[in-house]
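Asks: Before I ask anything, here is the structure I am working with.
The values are calculated or read from the model by the stated rules, or taken from the named source; none is laboratory data. Nothing here was measured: the structure is a model prediction, and the numbers come from that model. Here the Cβ positions follow ideal geometry from the backbone for every residue, glycine too, while neighbour counts run over all protein chains shown.
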There are 2 protein chains.
Amino acid sequence: MLESTMMEYQLTIPSILERAIRLFPDQEIVSVIPVGVDPATKAPVPGVHRTTYAKTHPRVMQLCNALVAAGVQPGDRVGTMALNTYRHFELYFAAPSVGAVCHMVNIRLPLEQIAYILNHADDKILFIENIFAGMIPLIRQHAPNVATIVVLGFVPGGLPAGTVDYEEFIGLHPTTYRYPEIDERQASGMCYTSGTTGDPKGVLYSHRAIVLHSLTSLSADLLGVSSRDVVMPIVPMFHVNAWGYPYTCTMTGAKQVYMSVFTDAVTIMRIAAEEGVTVCAGVPTIMAGLLDELDRATAAGTPHVAPTLRTLLVGGSATPRSVLAGLHSRHGLHVKIGWGMTETTPLGTANHVMLDQQFDDVERKYDAMTCSGRMVPLTELRIEDDEGRELPWGTGESGRLMVRGAWVTGSYYDNAEATAATQRNGWFDTGDIATIDALGVMMIQDRAKDLIKSGGEWISSVDLENQLMGHPAIREAAVIAIAHPKWDERPLGVLVLRDPAVSVSKAELDRFLLERAVAKWQLPDAYEFVDEIPKTTVGKFLKRALRERFKDYTLPVTA
Amino acid sequence: MLESTMMEYQLTIPSILERAIRLFPDQEIVSVIPVGVDPATKAPVPGVHRTTYAKTHPRVMQLCNALVAAGVQPGDRVGTMALNTYRHFELYFAAPSVGAVCHMVNIRLPLEQIAYILNHADDKILFIENIFAGMIPLIRQHAPNVATIVVLGFVPGGLPAGTVDYEEFIGLHPTTYRYPEIDERQASGMCYTSGTTGDPKGVLYSHRAIVLHSLTSLSADLLGVSSRDVVMPIVPMFHVNAWGYPYTCTMTGAKQVYMSVFTDAVTIMRIAAEEGVTVCAGVPTIMAGLLDELDRATAAGTPHVAPTLRTLLVGGSATPRSVLAGLHSRHGLHVKIGWGMTETTPLGTANHVMLDQQFDDVERKYDAMTCSGRMVPLTELRIEDDEGRELPWGTGESGRLMVRGAWVTGSYYDNAEATAATQRNGWFDTGDIATIDALGVMMIQDRAKDLIKSGGEWISSVDLENQLMGHPAIREAAVIAIAHPKWDERPLGVLVLRDPAVSVSKAELDRFLLERAVAKWQLPDAYEFVDEIPKTTVGKFLKRALRERFKDYTLPVTA
């Protein structure tokens, strides 16, 4: 092999922060954090913490020294159970910078799963947000290998016994630190998928994957954020690197705004206005809540004004067309959809439709905006039939979505069984069913296990849900399969009304769906109304729970 | 070392084209090429060749097969002496896709240097543009190892003996090809620097460097081009990968417009209008010519109208402030400056000042726009004193500009002497003298060898030249050192008048420079007027030739 004359230059996370502190020292990192509790409502009261890349740097260096002093070795997992704040940001950089792994634990999981994850990853040190301090005794009990617990933020009742305050943990250490040699293929971060079945499965990110993912995210066609942007990632830092934003924004020198527990639409809009936020990222439920609040405030004659806000980056599950259309048509906001998974770091596809792009008709524009988009550079998608044969694009046929690329996992950490179940011929099986059109635009049809098989034909639950959530009476809709003697399975719609006093008939919903190109045989056989649809910790519908609840459901005979 | 669970995924050039043909099949690659000669003026007549990513692909595959059939082995250098056209584009992708090296030879070099380069690189096959076919006998004579010569384009007098027409060379081969396994550190391309001293020195780019360079270039803060852009790289494909544009534009699916010999301002503006060009890239002399033509046409009442054109990307040498200010203030065009070298693939820095960015006063905006800008991600800059000690940023002090990064060369091909002279402690010595301000904004002061040492103080020739070229009477200005008995060296200004009939006095130029913050002791001692300033093949002032011409020059005693 004829080698190039290029320098050997490793792609590493420390270089991301080092560049930002030199080129954008005064760019801010803003954290909206609880500073007390409202005595009347018991709700947390937000306060604004303000720092800069330059001021963050000595603290990250202190944290590096503190980690080393605490015995953290290269390759060790450093657990975090923390919110979106500057302290979590510091951990995002410090842990990989000492050659260790920033292991973000999903704080919304049930305790047994958290204990499983801490034990499986073998975390010896854990950084835990003050508001979760009550869990510490249980963590000690169920994950006894966690030797050091560091608490982020003030604990009113006093620090739990045997724990250390974060500021004390880092405070006495030097503000300079010499990075070790880092190989770009070394593990830098870790997340467990909060799958709906089986034990959580761990993915180890590499320095290389994070750097490549950040660079790619910066492309004009993808996130397109620059050093003049102000980015508010509502997506939690305890889940898939907060979609990589802490790294991506730092790489380009953007201002960053973190919201800890304050993810309600009113606070989001107030802070967006105060801080000049240009880009906000979150899951569809956040955006649906935002739309409701924007509509409400406008109707009340007191509209929210955040003139800099222009783009909402949405992913994590399907975004109802009605939500993106409402945000765009009534509030001038551009919803840009992406698709990804814990196993894909996460960016896999991005929708290329731009705010200023012209369409013959706005309905077509919203159709186009609703798609998951195209595979990003360094990522490849294909769809396969059940025998693992590649399906051609552009036929309308759906298949199992397979992905491979520079930041796609090739295995699960210490889990040969789950690895074998999902890796095939160098491709990762996403477990999603998708179509890919002739120009590579991917559209998730369903999770493989959520598809409804009726008389040998597939019905997409996601498609029905998205349409139903466009009906003015309906806030949330989940569609699940119900066993049927003749057709094998038939769809049941589980609905949450916008106003419990205003119901809607099946006849009306049939009419509504038929008008939106749903075939007659795809119409749900029945609807059930509930107060709330159970959700996973990251905001997706927990269909397993619905299937359990309705497992003995009998469909009306009229079907 | 704890490895991540990420897939092993090589960063390779074939993946760039493969993505484009699947996602942007109908995006065009337009080439404006000579289709004849005007009988009256003998000037070439332009014709438009139009293809797409989808249509290019089978031709690239044919070319891959043809290269293999011609005996090209992995690692072999495939020489090109060619213009900016779709055929050269095909070579850019095909040569690396078979594991070989696309070796772009600078066609403007003197024959001895071309022969040196062909022999040093040991090219066995050469693709040569039809208009250079006359050189073939001399190439055969001086570079006898070139066994196969393929001619790009029709030769009116018939193909030279023993050569092959490009279309015949590829025509009979299959349109499918299976890429070999490619290691990302494998050489993919090669350029020799057309330095002003010594033999040309070769740099071998890698697949990895090209992919990383392309990804980084796409950032919103850097080129910021998207799939909706139409990019016209005037910078030649025979020089530093045409700044990487063929790869960068393909990676994002942009439309590309190549101009072969038609780099005059009138044709540029006509094609920009016809093809909807949004971004045009070239050296400062191209942009100065463009400004002259835009001014002329406006004054004549027949202004050029290319409403989509918004950004001019300029690099290669210092851009006179007057040129960028004129393009911006009189024609609404945003000049975005970058800095780089053959040794840096080339992107090293980019100016972050944006068209829509507000400044207190427009003069300050132009000052800011004139800088070379900030180091891009994965590239690091430092300045050193003569003893190799790093100088702090923001002091105003200038030093030797050193660079390292993911696409910076770590050596010259088969040239230990030149390598040793330029590589120090893992950094590449650019040979430039530069300042870096407190926020990392780099400004080239001079080539180290062009600095003028007067009484122990340095005078920047580049700075004087840029100011002088802002004077309305002056088209071009080069400043060189003249030996001086008292001060060691003093500056001489060599000027080209805009209108030979309208001269300008030294007193007037002194006043002009003093008004622009040039110190009295830095003023040139004298001026000489010439018809033309000799230039290198890539449009930089050839100061070596000026120094030779004026080596016995005696400065007036008044100094």
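Asks: Only residues that are more than 9 Å from chain A (Cβ to nearest Cβ) and not acidic (Asp, Glu): list them for the range B:194-209, please. Before you say what the answer is, go through the steps one by one.
Replies: So the first thing to find is which residues in the range B:194-209 are more than 9 Å from chain A (Cβ to nearest Cβ), and the list is B:194-201.
Scanning the range B:194-209 gives B:Ser194, B:Gly195, B:Thr196, B:Thr197, B:Gly198, B:Pro200, B:Lys201.
Asks: A follow-up question, please. Would it be correct to say that A:Thr267 is surrounded by fewer than 20 Cβ atoms within 10 Å (Cβ to Cβ), modelled with pLDDT of 95 or more and not aromatic (Phe, Trp, Tyr)? Walk me through it before giving the result.
Replies: Numbers: surrounded by fewer than 20 Cβ atoms within 10 Å (Cβ to Cβ): yes; modelled with pLDDT of 95 or more: yes; not aromatic (Phe, Trp, Tyr): yes.
Yes, satisfied.
Asks: Now, a different point. Would you be able to say whether some residue in the range A:369-383 is closer than 18 Å to A:Arg330 by Cα, at pLDDT below 95 and within 13 Å of chain B (Cβ to nearest Cβ)?
Replies: To start, the set of residues in the range A:369-383 that are closer than 18 Å to A:Arg330 by Cα comprises A:369-370.
Retained after the next criterion (residues that are at pLDDT below 95): A:369-370.
If we keep only those that are within 13 Å of chain B (Cβ to nearest Cβ) too, we end up with none.
The answer is no, given that none of the residues of the range A:369-383 is closer than 18 Å to A:Arg330 by Cα, at pLDDT below 95 and within 13 Å of chain B (Cβ to nearest Cβ).
Asks: Follow-up. Go through the residues of the range A:347-368 one by one and say whether even a single one is farther than 27 Å from A:Trp458 by Cβ, charged (D, E, K, R) and within 11 Å of another protein chain (Cβ to nearest Cβ).
Replies: Yes - at least one qualifying residue is present in the range A:347-368.
Asks: Within the range A:146-165, does at least one residue satisfy the condition of being of a type in the set (S, T, N, Q) and farther than 26 Å from A:Val37 by Cα?
Replies: So the first thing to find is which residues in the range A:146-165 are of a type in the set (S, T, N, Q), and the list is A:148, A:163.
Right, trim to farther than 26 Å from A:Val37 by Cα and you get A:148.
The answer is yes, given that some residue of the range A:146-165 is of a type in the set (S, T, N, Q) and farther than 26 Å from A:Val37 by Cα.
Asks: If I ask for residues that are over 30 Å from A:Thr419 (Cβ atoms) and surrounded by 21 or more Cβ atoms within 10 Å (Cβ to Cβ), which ones from the range A:328-352 would you list? I'd like the intermediate steps shown before the answer.
Replies: First, the residues of the range A:328-352 that are over 30 Å from A:Thr419 (Cβ atoms): A:328-336, A:351-352.
Answer for the range A:328-352, where residues must be over 30 Å from A:Thr419 (Cβ atoms) and surrounded by 21 or more Cβ atoms within 10 Å (Cβ to Cβ): A:Leu333, A:Val335, A:Lys336, A:Asn351, A:His352.
Asks: Does the range A:25-57 hold any residues that are small (Gly, Ala, Ser) and either away from chain B (no Cβ under 14 Å) or within 15 Å of A:Thr252 (Cβ to Cβ) (or both), and which are they?
Replies: If we filter the range A:25-57 for residues that are small (Gly, Ala, Ser), which is where we start, we get A:31, A:36, A:40, A:43, A:47, A:54.
If the condition is that a residue be small (Gly, Ala, Ser) and either away from chain B (no Cβ under 14 Å) or within 15 Å of A:Thr252 (Cβ to Cβ) (or both), then A:Ser31, A:Gly36, A:Ala40, A:Ala43, A:Gly47 are the ones that fit.
Asks: Now for a different question. Within the range B:519-530, can one find any residue that is without any contact (Cβ under 8 Å) to a residue 24 or more places away in the chain and over 22 Å from the mean Cα position of the chain (by Cα)?
Replies: Within the range B:519-530, the first condition is being without any contact (Cβ under 8 Å) to a residue 24 or more places away in the chain, and the residues that meet it are B:519-520.
So of that shortlist, the ones also over 22 Å from the mean Cα position of the chain (by Cα) come out as B:519-520.
Checked against the condition, which is being without any contact (Cβ under 8 Å) to a residue 24 or more places away in the chain and over 22 Å from the mean Cα position of the chain (by Cα), the range B:519-530 yields at least one hit.
Asks: Going by the conditions given, is B:Gly36 part of a strand (DSSP E or B), out of contact with any helix residue (DSSP H, G or I) (no Cβ under 9 Å at 6 or more places or on another chain) and modelled with pLDDT of 95 or more? Working first, answer last.
Replies: On the way: part of a strand (DSSP E or B): yes; out of contact with any helix residue (DSSP H, G or I) (no Cβ under 9 Å at 6 or more places or on another chain): yes; modelled with pLDDT of 95 or more: no.
No, not satisfied.
Asks: Still on this structure: Can you tell me which residue in the range B:436-457 is surrounded by the fewest Cβ atoms within 10 Å (Cβ to Cβ), limited to those that are more than 22 Å from the chain's Cα centre (by Cα) and closer than 26 Å to B:Ala350 by Cα?
Replies: Here is the first cut: in the range B:436-457, the residues more than 22 Å from the chain's Cα centre (by Cα) are B:436-440, B:451-457.
When the remaining residues are screened for being closer than 26 Å to B:Ala350 by Cα, the result is B:436-440, B:451.
On the way: B:Ile436: 27, B:Asp437: 14, B:Ala438: 12, B:Leu439: 14, B:Gly440: 20, B:Leu451: 18.
Among those that are more than 22 Å from the chain's Cα centre (by Cα) and closer than 26 Å to B:Ala350 by Cα, it is B:Ala438.
Asks: Can you pull out every residue in the range A:388-426 that is part of a loop (DSSP other than H, G, I, E, B) and free of Cβ contacts under 8 Å to residues at least 12 places away in the same chain?
Replies: Taking the range A:388-426 and keeping what is part of a loop (DSSP other than H, G, I, E, B), we get A:388-389, A:392-398, A:406-408, A:410-415, A:425-426.
Of everything in the range A:388-426, those that are part of a loop (DSSP other than H, G, I, E, B) and free of Cβ contacts under 8 Å to residues at least 12 places away in the same chain turn out to be A:Arg389, A:Pro392, A:Thr395.
Asks: Now for a different question. Kindly indicate whether A:Ala545 is more than 30 Å from A:Ser194 (Cα to Cα) and aliphatic (A, V, I, L, M). Lay out the reasoning, then the answer.
Replies: Details: more than 30 Å from A:Ser194 (Cα to Cα): no; aliphatic (A, V, I, L, M): yes.
For A:Ala545, the condition - more than 30 Å from A:Ser194 (Cα to Cα) and aliphatic (A, V, I, L, M) - is not met.
Asks: How many residues does the range A:363-387 hold that are in contact (Cβ under 8 Å) with a residue 12 or more places away in the chain and loosely packed, with under 13 Cβ neighbours inside 10 Å?
Replies: 2
Asks: In addition: Considering B:Val257, B:Val279, B:Val235, B:Val230, which residue is of a type outside the set (Lys, Arg), surrounded by 23 or more Cβ atoms within 10 Å (Cβ to Cβ) and within 14 Å of chain A (Cβ to nearest Cβ)?
Replies: Working: B:Val257 fails: within 14 Å of chain A (Cβ to nearest Cβ); B:Val235 fails: within 14 Å of chain A (Cβ to nearest Cβ); B:Val230 fails: surrounded by 23 or more Cβ atoms within 10 Å (Cβ to Cβ).
Unique residue meeting the criteria: B:Val279.
Asks: If only one of A:Asp463, A:Asp552 is in a helix (DSSP H, G or I), out of contact with any Phe, Trp or Tyr (no Cβ under 9 Å at 6 or more places or on another chain) and of a type outside the set (Phe, Trp, Tyr), which one is it?
Replies: On the way: A:Asp552 fails: in a helix (DSSP H, G or I).
Going through A:Asp463, A:Asp552 in turn, just one is in a helix (DSSP H, G or I), out of contact with any Phe, Trp or Tyr (no Cβ under 9 Å at 6 or more places or on another chain) and of a type outside the set (Phe, Trp, Tyr): A:Asp463.
Asks: Taking the range B:347-387, which residues are on the phi > 0 side of the Ramachandran plot and not in a loop (DSSP other than H, G, I, E, B)?
Replies: Of the residues in the range B:347-387, the ones on the phi > 0 side of the Ramachandran plot are B:373, B:378.
Result: B:Gly373, single match.
Asks: Which of the residues belonging to the range B:442-460 are of a type in the set (A, V, I, L, M) and assigned to a helix (DSSP H, G or I)?
Replies: From the range B:442-460, those of a type in the set (A, V, I, L, M) are B:442-444, B:448, B:451-452, B:459; that's our starting set.
B:Ala448, the sole residue that qualifies.
Asks: Is it the case that B:Thr216 is within 18 Å of B:Thr409 (Cβ to Cβ), at pLDDT 95 or above and within 26 Å of the chain's Cα centre (by Cα)? First the steps, then the outcome.
Replies: Numbers: within 18 Å of B:Thr409 (Cβ to Cβ): yes; at pLDDT 95 or above: yes; within 26 Å of the chain's Cα centre (by Cα): yes.
So B:Thr216 fits the description; yes.
So that you can scan it fast, the table gives a plain yes or no per residue for (1) away from chain B (no Cβ under 11 Å); (2) in contact with a Gly (Cβ under 9 Å, 6 or more places away or on another chain); (3) modelled with pLDDT of 90 or more:
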residue: A:Val408; (1), (2), (3): no, yes, yes
residue: A:Ala416; (1), (2), (3): yes, no, yes
residue: A:Arg424; (1), (2), (3): yes, yes, yes
residue: A:Ile433; (1), (2), (3): yes, yes, yes
residue: A:Ile436; (1), (2), (3): no, yes, yes
residue: A:Lys449; (1), (2), (3): yes, yes, no
residue: A:Glu457; (1), (2), (3): yes, no, no
residue: A:Val496; (1), (2), (3): yes, no, yes
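Asks: Checking B:Arg87 against (1) within 12 Å of chain A (Cβ to nearest Cβ); (2) within 25 Å of B:Ser217 (Cα to Cα), which test does it fail?
Replies: Against the list (1) within 12 Å of chain A (Cβ to nearest Cβ); (2) within 25 Å of B:Ser217 (Cα to Cα), B:Arg87 comes up short only on (1).
Asks: Taking into account only those residues within the range B:1-24 that are in a helix (DSSP H, G or I) and within 7 Å of another protein chain (Cβ to nearest Cβ), which is surrounded by the most Cβ atoms within 10 Å (Cβ to Cβ)?
Replies: B:Arg19
This table checks each residue for (1) touching a Phe, Trp or Tyr at 6+ places or on another chain (Cβ under 7 Å); (2) of a type in the set (Ser, Thr, Tyr); (3) at pLDDT 95 or above.
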| site | (1), (2), (3) |
| --- | --- |
| A:Thr176 | no, yes, yes |
| A:Tyr179 | no, yes, yes |
| A:Asp183 | no, no, yes |
| A:Gly195 | no, no, no |
| A:Pro200 | yes, no, no |
| A:Leu204 | yes, no, yes |
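Asks: Out of everything in the range B:490-518 that is under 31 Å from the mean Cα position of the chain (by Cα) and of a type in the set (D, E, K, R), what residue ends up being farthest from B:Gly340 (Cα to Cα)?
Replies: Here the residue is B:Asp499.
Asks: Condition first: in contact with a Ser or Thr (Cβ under 8 Å, 6 or more places away or on another chain) and either of a type outside the set (D, E, K, R) or modelled with pLDDT of 90 or more (or both). Now tell me which residues in the range A:483-494 satisfy that.
Replies: Quick first cut of the range A:483-494, residues in contact with a Ser or Thr (Cβ under 8 Å, 6 or more places away or on another chain) only: A:484, A:487-491.
Those that are in contact with a Ser or Thr (Cβ under 8 Å, 6 or more places away or on another chain) and either of a type outside the set (D, E, K, R) or modelled with pLDDT of 90 or more (or both): A:His484, A:Trp487, A:Glu489, A:Arg490, A:Pro491.
Asks: Could you say which residue among B:Leu439, B:Leu509 is farther than 22 Å from B:Gly373 by Cα, in contact (Cβ under 8 Å) with a residue 40 or more places away in the chain and outside any strand (DSSP E or B)? Break it down into steps so the answer makes sense when it comes.
Replies: Values: B:Leu439 fails: farther than 22 Å from B:Gly373 by Cα.
So the residue among B:Leu439, B:Leu509 that is farther than 22 Å from B:Gly373 by Cα, in contact (Cβ under 8 Å) with a residue 40 or more places away in the chain and outside any strand (DSSP E or B) is B:Leu509.
Here's the yes/no breakdown for (1) touching a residue at least 40 places away in the same chain (Cβ under 8 Å); (2) surrounded by fewer than 20 Cβ atoms within 10 Å (Cβ to Cβ); (3) within 14 Å of chain A (Cβ to nearest Cβ):
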{"residue": "B:Val155", "(1), (2), (3)": "no, yes, no"}
{"residue": "B:Val164", "(1), (2), (3)": "no, yes, no"}
{"residue": "B:Ile170", "(1), (2), (3)": "yes, no, no"}
{"residue": "B:Tyr177", "(1), (2), (3)": "yes, no, no"}
{"residue": "B:Ile182", "(1), (2), (3)": "yes, no, yes"}
{"residue": "B:Tyr192", "(1), (2), (3)": "yes, no, yes"}
{"residue": "B:Val211", "(1), (2), (3)": "yes, no, yes"}
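Asks: If I ask for residues that are touching a helix residue (DSSP H, G or I) at 6+ places or on another chain (Cβ under 7 Å) and either without any contact (Cβ under 8 Å) to a residue 12 or more places away in the chain or closer than 15 Å to B:Ala82 by Cα (or both), which ones from the range B:140-153 would you list?
Replies: If the condition is that a residue be touching a helix residue (DSSP H, G or I) at 6+ places or on another chain (Cβ under 7 Å) and either without any contact (Cβ under 8 Å) to a residue 12 or more places away in the chain or closer than 15 Å to B:Ala82 by Cα (or both), then B:Ile149, B:Val150, B:Val151, B:Leu152, B:Gly153 are the ones that fit.
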